[in-house]
Ligand code: UTP
């Protein structure tokens, strides 16, 4: 019987340099999309997929993240006294079961692969998920849930993938497809940031993964040989060579790259327009803005 995915790693130890100076003191994952930090979207998605153990790989200066998931008795009391039940309800999403959340430090930002490897002792022999909170995905069925359902059929390792225009492939890890089965593709290779015109397909990997424990052994091998950053893609590519059990999953939904300024702004607009309490006022503002821009041209 295939094992269920119940643990997820959230690598949040990056420096977030694209958002300096904000990220000098505010972790990127705490930056707010409408009224929730990026990390909350990631946690909600993980919960919907059946994740019960949440492992954060953090670093210096990220204590705001740990506080975010703690109880805030003074704030809660103040809201209770004022009868602000809706806000109290909103705070509930930030509460975690005792022992459900673990923090591991990555002492040096040695890359995403290294961050994932730092969590190795908290895993068992089961497949686990990796969620990058700066990839925010708007979807009817949350992306990781779609993947967990597909993974129940395939087993092995699975990466979320989306079609990108040929001229953008060089910004992503790109899949070399063995067999295209629709939502699921089997993979015979993976190239990190291919030079323009050399990408093996248009299917780019984004920040959701379901991985087998063998990936940790691969990361260990790569780590021992590598001088600089340890790439997660390299460990997955090694797994393709060794066991031929890597799949891409074309998720249904729209992904926003909230690790970049343009992507974050796009997500803010899309999520703002989708919110019932904001959409009328916000859409009117955007329409006015566009028409005054058009009039000025
Ligand atoms: P990014 O490539 O976006 O890097 O990391 P970054 O440091 O967060 O941001 P920039 O590029 O400097 O603006 C992708 C994910 O991997 C994590 C990040 O926290 C983010 O979730 N990561 C990256 C680590 O946990 N450790 C690392 O050493 C590198």
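How long, wide and thick is segment 9-53, going by the Cα atoms along their three principal axes, in whole angstroms, largest first?
Projected onto its principal axes, the Cα set of segment 9-53 covers 36, 23, 13 Å.
Could you check the simple spin-label distance between residue 171 and residue 280, using points 7 Å along Cα→Cβ, in nm with one decimal?
Calculated label separation equals 3.6 nm.
If you take the C-alpha gyration tensor of segment 41-100, multiply each eigenvalue by 5 and take the square root, what semi-axes do you get, largest first, in whole Å?
Working: eigenvalues 111, 50, 17 Å².
Equivalent ellipsoid of segment 41-100: 24, 16, 9 Å, largest first.
Just want the ordering: 186, 98, from fewest to most Cβ atoms lying within 10 Å of their own Cβ.
Values: 186 18, 98 6.
If I rank by nearby Cβ atoms, fewest first, I get 98, 186.
Taking only C-alpha pairs under 8 Å that are 6+ residues apart, what is the relative contact order of segment 217-297 in percent? Walk me through the intermediate numbers first.
Details: 31 pairs, mean separation 10.0, N = 81.
Dividing the mean separation by the residue count of segment 217-297 yields 12 percent.
State the volume of the convex hull built on the alpha-carbon positions of the chain, expressed per residue in Å³ and rounded to an integer. Walk me through the intermediate numbers first.
On the way: hull volume 50.3 nm³, N = 297.
Cα-based convex hull of the chain, divided per residue, equals 169 Å³.
Taking 0.36 nm per intervening residue step and subtracting the Cα-Cα distance, what contour gain separates residue 4 from residue 107 on full extension? Mind dumping the intermediate values first?
Numbers: separation 103, 0.36 × 103 = 37.08 nm, distance 3.05 nm.
Additional length available on full extension: 34.0 nm.
Please report the orientation-averaged projected area of segment 123-262, defined via the convex hull of its C-alpha atoms, in nm².
On the way: hull surface 35.6 nm².
Over all viewing directions, segment 123-262 projects a mean Cα-hull area of 8.9 nm².
In a Gaussian network model over the chain where Cα atoms closer than 10 Å are linked, find which of 74, 149, 126 has the largest mean-square fluctuation.
Looking only at 74, 149, 126, the largest GNM fluctuation is found for 74.
Provide 32, 268 in ascending order of the number of other Cβ atoms located within 10 Å of each residue's Cβ, fewest first. Before the final figure, lay out each step's value.
Details: 32 12, 268 17.
Ranked by crowding around the Cβ, least crowded first: 32, 268.
How are the C-alpha pair distances of segment 156-204 spread across 5 Å bins, as whole percents from the shortest bin up?
5, 24, 37, 21, 12, 2, 0
Determine by what factor the alpha-carbon radius of gyration of segment 117-197 differs from 2.2 N^0.38 Å, reporting the quotient. Each step should come with its number before you reach the end.
Numbers: Rg = 14.4 Å, N = 81, 2.2 N^0.38 = 11.7 Å.
Cα Rg divided by the expected 2.2 N^0.38 Å: 1.24.
If the elastic network links every pair of Cα atoms under 10 Å, which of 52, 121, 60 fluctuates the most in the Gaussian network model of the chain?
Comparing 52, 121, 60 in a Gaussian network model of the chain, the most mobile one is 121.
Would you please give the FRET efficiency between residue 15 and residue 244, computed as 1/(1 + (r/R0)^6) with r the Cβ-Cβ distance and R0 = 41 Å, to the nearest 0.05? Each step should come with its number before you reach the end.
Numbers: r = 35 Å, r/R0 = 0.86.
Computed FRET efficiency for residue 15 and residue 244: 0.70.
Which order results if 232, 286 are arranged by neighbouring Cβ count within 10 Å, fewest first?
Ranking 232, 286 by Cβ neighbours within 10 Å, fewest first, gives 286, 232.
Could you calculate the FRET efficiency of residue 140 with residue 296 from 1/(1 + (r/R0)^6), where r is the beta carbon distance between them and R0 is 30 Å, rounded to 0.05?
Values: r = 38 Å, r/R0 = 1.27.
Taking R0 as 30 Å, the efficiency between residue 140 and residue 296 is 0.20.
Helix-only mean residue ellipticity at 222 nm, the chain, DSSP H runs n ≥ 4 weighted -39,500 (n - 2.57), per residue, nearest 500. What is it?
-11000 deg cm²/dmol
Once you have the Cα-Cα distance between residue 90 and residue 288, take 0.36 nm times their residue separation minus that, and quote the gain in nm to one decimal. Walk me through the numbers on the way to the answer.
Details: separation 198, 0.36 × 198 = 71.28 nm, distance 3.16 nm.
Result for the pair: 68.1 nm of gain on full extension.
Please report the base-10 log of the normalised intensity I(q)/I(0) for segment 1-135, using a Debye sum with one equal scatterer per alpha carbon and no solvent, at each q in 0.19 (1/Å).
-1.15
So if we plug the beta-carbon distance of residue 229 and residue 98 into 1/(1 + (r/R0)^6) with R0 = 41 Å, what FRET efficiency do we get, rounded to 0.05?
Details: r = 35 Å, r/R0 = 0.86.
So, using R0 = 41 Å, E works out to roughly 0.70.
Anyone know which of 87, 123, 144 comes out most mobile in the 10 Å Cα GNM of the chain?
Taking springs between Cα atoms under 10 Å, the residue moving most is 87.
Below 8 Å, C-alpha to C-alpha, sequence gap of six or more: please give me the relative contact order for the chain in percent.
On the way: 531 pairs, mean separation 65.5, N = 297.
Relative CO of the chain lands at 22 percent.
Apply the Debye scattering formula to segment 183-297, with a single equal point scatterer on each alpha-carbon and no solvent, then give log10 I(q)/I(0) at q = 0.11, 0.13, 0.17, 0.21 Å⁻¹.
Evaluating at q = 0.11, 0.13, 0.17, 0.21 Å⁻¹ gives log10 I(q)/I(0) of -0.60, -0.73, -0.96, -1.24.
Using a ≥ b ≥ c from the Cα gyration tensor of segment 63-131 (square roots of the eigenvalues), is it rounded, prolate or oblate, where a/c under 1.5 gives rounded and otherwise the larger of a/b and b/c decides, a/b for prolate? Please list the in-between numbers first.
Numbers: a/c = 3.43, a/b = 2.42, b/c = 1.42.
Prolate, because a/c is 1.5 or more and a/b exceeds b/c.
Under 19 Å from a point placed 7 Å out from the Cα of residue 44 along the Cα-to-Cβ direction: which residues of segment 83-103 have their backbone N that close?
From segment 83-103, the list is 85-97.
Over what distance in Å are the Cα centres of segment 247-269 and segment 2-44 separated?
Comparing the Cα centres of segment 247-269 and segment 2-44, I get a distance of 13 Å.
Just grab the label-to-label distance for residue 262 and residue 82, each label 7 Å out from Cα along the Cβ direction, in nm (one decimal).
Reported label-point gap for residue 262 and residue 82 is 4.0 nm.
Every read-out reported here was derived from the displayed coordinates using simple, explicitly stated rules and does not represent laboratory data. All values reported here derive from a predicted model rather than from experimental measurement. With ideal geometry, Cβ positions are generated from the backbone for all residues, glycine too; neighbour counts draw on all protein chains shown.
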